[in-house]
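Have a look at the structure below before the remarks.
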Amino acid sequence: MTTVEIQYVGGPTSLITLGGVRLLTDPTFDAPGEYPVGTRTLVKTTGPAVRASDLPPVDAVLLSHDHHPDNLDTAGRTLAMSAPVVLSTPSAHGRLGAPVHALTAWEHTEVGDVRVTAVPALHGPKGSEPLVGEVTGFVLSGPGLPKVYVSGDNADLDLVREIADREGPVDVAILFAGAARTPLVPDAPLTLTSAQAAEAATLLGARHVVPLHFEHWGHFTQDGPTLTKAFAEAGLTDRLHLLEPGASVRLP
């Protein structure tokens, strides 16, 4: 089996190289500052560790959703719209048009030798989709390739169980964590808590876990140390790869 290489750019943005295919998750390259979304303002505290212009050409963008600036910002949109294809939700296709290719849950497409399967995600507690909008996750697979799960902004462990039943086990789980909270849904996190990320790793049978989207924005309520603690308490320390921004890891 070949390896998968993951470079952590910052926030939800990473460059995944699998089977010779380069896939960029949720591109965000704007500077720190205040970013309005509806009646709320999200505060970005740290810029990307890698400039968009310093990345190699990508074969596809994996966009969990397009309607929040912490997952797709102005510079990220410019990069995405110049990519050969953007894989995302039907809602994103409706708002952005080409080159967005809409995938509903369990649909798949091929990018080179990599099969990209859209999997369900919920950006908050059950019943919150009318408030938070449509999001998606992805499973990457192919003959002789590691199987990789990219959660996107999913906060629902029941969906993780469903994904594990249909697609698991996975070799690598890229989990968006941070227990994000905003006034939009004040009583529940919009992304996985650190403890839920550890539970998701167990459900998926993941041999390796790379967290994303747990820092660099003010609405995250948990961080790297809470992830380290939660995985230690679950006996999963050896599976956790907490990358420094700009760093890469190659996993079998």
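The values are calculated or read from the model by the stated rules, or taken from the named source; none is laboratory data. Remember, it's a predicted structure, so these values are computed and weren't measured experimentally. Quick reminder, even Gly has a Cβ in these numbers, built from the backbone with ideal geometry, and neighbours come from all protein chains shown. When the accessible area is computed, the model is the full protein with side chains, heavy atoms only, and any ligands, DNA or RNA have been set aside. Shrake-Rupley method; radii C 1.70, N 1.55, O 1.52, S 1.80 Å.
Observations, loosely collected:
- Of all residues in the stretch 20-40, exactly one satisfies the criterion of being over 19 Å from the mean Cα position of the chain (by Cα), at positive phi and open to solvent by less than 50 Å² (accessible area, probe 1.4 Å), namely GLY33.
- Among (1) over 23 Å from GLY20 (Cα atoms); (2) of a type in the set (Ser, Thr, Tyr); (3) outside any loop (DSSP other than H, G, I, E, B) - the single one THR104 does not satisfy: (3)
- Residue within the stretch 127-136 that is over 18 Å from HIS67 (Cα atoms), at pLDDT below 95 and either open to solvent by 60 Å² or more (accessible area, probe 1.4 Å) or part of a loop (DSSP other than H, G, I, E, B) (or both) present: yes
- Qualifying residue in the stretch 113-126 (condition: hydroxyl-bearing (Ser, Thr, Tyr), surrounded by fewer than 19 Cβ atoms within 10 Å (Cβ to Cβ) and closer than 17 Å to ALA60 by Cα): no
- Within the stretch 94-140, tally of residues that are among the aliphatic types (A, V, I, L, M) and touching a residue at least 60 places away in the same chain (Cβ under 8 Å): 5
- Of all residues making up the stretch 7-40, the number that are closer than 30 Å to GLY142 by Cα and of a type outside the set (S, T, N, Q): 17
- Single residue of the stretch 187-203 satisfying the filter (of a type outside the set (A, V, I, L, M, F, W, C) and closer than 19 Å to THR136 by Cα) that is nearest to the chain's Cα centre (by Cα): THR191
- In the condition set (1) of a type outside the set (Ser, Thr, Tyr); (2) open to solvent by 20 Å² or more (accessible area, probe 1.4 Å); (3) farther than 17 Å from THR78 by Cα, ILE6 is compliant with all but (2).
- Considering the stretch 182-194, and only residues there that are open to solvent by 20 Å² or more (accessible area, probe 1.4 Å) and at pLDDT below 95, the residue that is nearest to LYS126 (Cα to Cα) turns out to be ASP187.
- Note on the stretch 41-99: among residues that are farther than 20 Å from VAL139 by Cα and acidic (Asp, Glu), the one that is most open to solvent (accessible area, probe 1.4 Å) is ASP54.
- Test result for ALA206, of a type in the set (Gly, Ala, Ser), within 15 Å of the chain's Cα centre (by Cα) and under 22 Å from LEU15 (Cβ atoms): no
- Residue in the stretch 195-237 that is nearest to VAL119 (Cα to Cα), counting only those that are surrounded by fewer than 18 Cβ atoms within 10 Å (Cβ to Cβ) and among the β-branched types (Val, Ile, Thr): THR202
- Among residues of the stretch 238-252 being touching a residue at least 60 places away in the same chain (Cβ under 8 Å) and either under 19 Å from GLY124 (Cα atoms) or among the charged types (D, E, K, R) (or both), the one that is least open to solvent (accessible area, probe 1.4 Å) is GLU244.
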